[in-house]
Every structure is written in C-alpha cells, then in structure tokens.
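Visitor: Please read through the structure below; I'll follow up with questions.
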Amino acid sequence: MSYRIDGTTIYLTRGDTFEAKVEARLPDDEGGAAYAPAAGDAIRFALKADYMDEKPLVVKDIPSDTMLLVLEPEDTKTLPFGKYVYDIQITYADGKVDTFITKGRLRLTEEVD
C-alpha cells in the first residue's frame with residue numbers, strides 16, 4: 001500500500017491510486033451515528049494547494065452508495081511534491097450543504113521512477 005491515513009491527514013505517493021471509505025457523522029445531539037446518504041445527496045472531495053486558492057486542483061465526486069473516495073494516478077501525477085489541503089462536503093437532496101471534513105491535509109511524497 002502506497003498511502004496511509006492519520007486522522008484527516010493523507011500521505012500518498014504521487015501518481016499512485018488512493019482508495020478510502022469516507023464517513024459522515026450526525027451531530028452529537030442527534031446521536032453522533034454514521035450518516036447514510038439518502039437518494040439525491042451528493043458528496044464531493046476538493047483538493048487545493050492552499051485554502052485561499054480560488055480553484056481546486058482536484059475535484060472528485062464520491063458515490064453516495066459506496067462512500068468510497070478514489071484518487072486515480074492521473075489526479076496527482078503532475079502535482080508538485082508537498083503539502084495540500086482538502087475538504088469533503090455533502091449537498092443534501094434539499095440543497096443544504098454541510099462540509100463534514102474540514103482542514104484535511106494531503107502530503108504528496110516522492111516516488112522512485
């Protein structure tokens with residue numbers, strides 16, 4: 001495996017495949033249980049070099065039926081080595097938006113060609 005996860009920090013070898021299950025949780029006052037997406041919900045991952053950047057470098061839709069985030073080799077192959085930031089948000093069928101992972105970090109490490 002060419003990646004590891006520590007909290008919301010992802011360590012990934014540039015140009016490798018990354019696959020991880022994403023979990024949204026209900027607020028503590030609603031029991032804090034895992035949220036099962038409903039029909040019409042959309043989940044999105046966005047990666048930037050810095051939070052202040054206007055446009056994300058990588059945007060991935062996460063299927064609500066599997067909640068599996070997949071980064072393909074071409075998603076990171078041309079990015080410089082270093083530190084990046086990401087968030088993951090859900091847009092509910094009714095239009096409400098909830099960014100449930102904020103201040104995520106992705107560390108892109110070198111590979112040996």
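The values are calculated or read from the model by the stated rules, or taken from the named source; none is laboratory data. Quantities reported herein were computed from a predicted structural model and do not represent experimental measurements. Here the Cβ is made from the backbone with ideal geometry for all residues, glycine too, and neighbour counts use every protein chain on show. The protein model used for the area step is the full one, side chains on, heavy atoms only, and it has no ligands, DNA or RNA in it. Shrake-Rupley method; radii C 1.70, N 1.55, O 1.52, S 1.80 Å.
Visitor: Considering the chain as a Gaussian network with a 10 Å cut-off on Cα pairs, which listed residue, Arg14, Arg44, Arg25, attains the greatest mean-square fluctuation?
Guide: It is Arg25.
Visitor: What is the percent carbon and sulfur in the accessible area of the chain, measuring with a 1.4 Å probe over the protein chains and ignoring ligands?
Guide: On the chain, the fraction of accessible area on carbon and sulfur atoms equals 49 percent.
Visitor: Which pairs break 18 Å Cα to Cα here: Lys48/Lys77; Lys21/Lys83; Lys21/Lys55?
Guide: Listed pairs above 18 Å: Lys21/Lys83; Lys21/Lys55.
Visitor: A further question on this structure: Report the relative contact order of the chain, percent, no decimals, based on alpha-carbon pairs under 8 angstrom and at least 6 residues apart.
Guide: Contact order relative to length: 32 percent.
Visitor: If I build a Gaussian network model for the chain, linking alpha-carbon pairs within less than 10 angstrom, which residue out of Lys96, Lys48, Lys77 has the largest mean-square fluctuation?
Guide: Between Lys96, Lys48, Lys77, it is Lys96 that shows the largest mean-square fluctuation.
Visitor: Next question. For the chain, what does -39500 (n - 2.57) per DSSP helix run (n ≥ 4), summed and divided by total residues, give at 222 nm, in deg cm²/dmol to the nearest 500?
Guide: -500 deg cm²/dmol
Visitor: Using a 1.4 Å probe, what is the accessible area per residue for the chain, in Å²?
Guide: Ligands and nucleic acids excluded, the result is 63 Å² per residue.
Visitor: Excluding the sites themselves, what is the longest stretch of the chain that contains no GluC sites (Glu not before Pro) in a DSSP loop with at most 14 other C-beta atoms within 10 Å?
Guide: Within the chain, the longest run free of exposed GluC sites (Glu not before Pro) spans 55-109.
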